[in-house]
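Everything below concerns the one structure shown next.
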Amino acid sequence: METKRSQELYEEANLYTPGGVHTSIRNVDPHLIFTKAEGAYIYDADGNKYLDYQAAFGPYILGHNHPYVNGKVIEAIQRTDLYGVGTTDLEIELARMICRNVPSAEQVLFCNSGSEATYHAIRLSRAVTGRTRLIKFQGCYHGWHDYVARNMLSKWDMIGKRDPGSAGMMDEAIDNTLICTYNDLEDVERTFKENDGQVAALIVEPIPHNIGCILPQDGFLQGLKDLCEAYGALLIFDEVITGFRHDIGGFQKVAGVTPDLTTMGKAMANGYPIAAVAGKKEYMQRFNTYPGGDVWFAGTYNGHAVGTAAAIATIDLMEREPVHEHVFRLGERMRSGIREIHARLGMKAVVAGFGSVWTTYFMDFMPQNYTDLQHNDADFYVRYRKKLLERGIYKMPMNLKRNHVGYSHTEQDIDHTLEVIESVLKEMLA
Ligand code: PLP
């Protein structure tokens, strides 16, 4: 695989930008410079073409540069843009669509990123309850801010310990975020008891996709809701990945568990920047967009025509076309195909997933939480991923992350990918 032009450009990028990338997790080997994206494919500066399953960490559910979404964005910005006061017709239409589809969304507010959405939801929960503490789960990611940037992909000896994700974080924020083990209701109950009257909210990725795809055990999400109710805390579903990807109503619709607040982003606008916080009206009216509200909510670019038009087009397409039926069918074809390959090769590996998402763990049992993932063979994954890349299959670069099937992938794409996976694994095991 020729990557000479990418390497030259990467050296130049380093002159102007620390590490040459604008998000830490983008700094992976080899350093590719991307120049074009279309449907299921992405292209680098050397003209290499990749079948993309990373989907930019999840936004692309319809495929890259989707003509219908792009068309609606262009149509919108030829007519309108951003005003700084008032409300646009696009914002009203999108809010209506979200409230129609997402069970917990009695009202909704727009911002620009998932991190902003979780920040606002947590601050709101503190205002509503008059408490400060937050429960999150080891391995879940909710953005870059001090409230949540900890105990994500921790080193193994830091599981369950105070593990700030960044230098420069506020001690007070770190100490007020309590860490529990996913799929362990006893641990959550013990934490609530030990901090009785102090927990404002529990935030959870309903499926922790930031460590691949760990499914909630039967009754786990309902159990969290019951515990939040019993201890007077708000339940926040962070559906930044699961929202619109697993169902137009989010994973809450699939699970039949309605949280107090929901955060959304990514697949909501098929790659365009917009996110949302939604929830019960009585809580949402505490934001100071509402007259008399006392919880600050602001943002110069909130509700910009580009993001709102893209989200309207994306949700509109999901309402009219069999988007979820397609991605679920192809996701299942991929998972069962990989399982058959593992069985044929006698491999110690499990394939986890839901709907359009899949993750291969190189271990011999299905993990239930982050601790279990110590058994995953990370070195094998990194070598495997690199070999797939050389054969034109673009998977998540990081060990433990997930892969996504989109509406633009075809049966032939999946079958081709399975052929490549089998040949790469055979080569690695030889
Ligand atoms: N919540 C979840 C579940 C995420 O996966 C992410 C990002 O990957 C975020 C929040 C933060 O979103 P953003 O990167 O848009 O700030």
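The values are calculated or read from the model by the stated rules, or taken from the named source; none is laboratory data. Keep in mind that what you see is a predicted model, and the values were worked out from it rather than measured. Cβ atoms come from the backbone with ideal geometry, glycine included; neighbour counts cover every protein chain shown.
Put simply, of I393, I341 the only residue that is modelled with pLDDT of 95 or more and in contact with a Ser or Thr (Cβ under 7 Å, 6 or more places away or on another chain) is I393. Restricting to the range 373-430, what's the tally of residues that are of a type in the set (D, E, K, R) and assigned to a loop (DSSP other than H, G, I, E, B)? Number satisfying all stated conditions: 5. Restrict the check to the range 119-127 and report whether at least one residue is within 15 Å of the ligand (Cβ to nearest atom) and aromatic (F, W, Y). Scanning the range 119-127, I find at least one residue that is within 15 Å of the ligand (Cβ to nearest atom) and aromatic (F, W, Y), so the answer is yes. Taking the range 11-26 as the range and being more than 19 Å from Y394 (Cα to Cα) and surrounded by 14 or more Cβ atoms within 10 Å (Cβ to Cβ) as the test, the residues that pass are A13, G20. Quick one: would you say T88 is among the hydroxyl-bearing types (S, T, Y) and within 16 Å of the ligand (Cβ to nearest atom)? Against the criterion (among the hydroxyl-bearing types (S, T, Y) and within 16 Å of the ligand (Cβ to nearest atom)), T88 does not qualify.
Rundown of residues vs (1) touching a strand residue (DSSP E or B) at 6+ places or on another chain (Cβ under 6 Å); (2) among the basic types (K, R); (3) within 26 Å of K401 (Cβ to Cβ); (4) modelled with pLDDT under 95, yes/no style:
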{"residue": "I92", "(1), (2), (3), (4)": "no, no, no, no"}
{"residue": "I98", "(1), (2), (3), (4)": "yes, no, no, no"}
{"residue": "N101", "(1), (2), (3), (4)": "no, no, no, no"}
{"residue": "E106", "(1), (2), (3), (4)": "no, no, no, no"}
{"residue": "G114", "(1), (2), (3), (4)": "yes, no, yes, no"}
{"residue": "T118", "(1), (2), (3), (4)": "yes, no, yes, no"}
{"residue": "Y141", "(1), (2), (3), (4)": "no, no, yes, no"}
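Take D29 and decide whether it is in the same structural domain as A267 (by TED's automatic domain parsing), more than 16 Å from the ligand (Cβ to nearest atom) and surrounded by fewer than 13 Cβ atoms within 10 Å (Cβ to Cβ).
Working: in the same structural domain as A267 (by TED's automatic domain parsing): no; more than 16 Å from the ligand (Cβ to nearest atom): yes; surrounded by fewer than 13 Cβ atoms within 10 Å (Cβ to Cβ): yes.
Considered against the rule, which asks whether it is in the same structural domain as A267 (by TED's automatic domain parsing), more than 16 Å from the ligand (Cβ to nearest atom) and surrounded by fewer than 13 Cβ atoms within 10 Å (Cβ to Cβ), D29 comes out as no.
Filter the range 205-232 down to the residues that are assigned to a loop (DSSP other than H, G, I, E, B) and more than 16 Å from the ligand (Cβ to nearest atom), then identify the one that is farthest from the chain's Cα centre (by Cα). Within the range 205-232, the match that is farthest from the chain's Cα centre (by Cα) is G232. Among the residues of this structure, N112 does not count as one that is over 16 Å from the mean Cα position of the chain (by Cα) and either surrounded by fewer than 19 Cβ atoms within 10 Å (Cβ to Cβ) or within 27 Å of A230 (Cβ to Cβ) (or both). Among the residues of the range 276-303, those identified as over 11 Å from L124 (Cα atoms), out of contact with any strand residue (DSSP E or B) (no Cβ under 8 Å at 6 or more places or on another chain) and touching a residue at least 12 places away in the same chain (Cβ under 8 Å) are T300, Y301.
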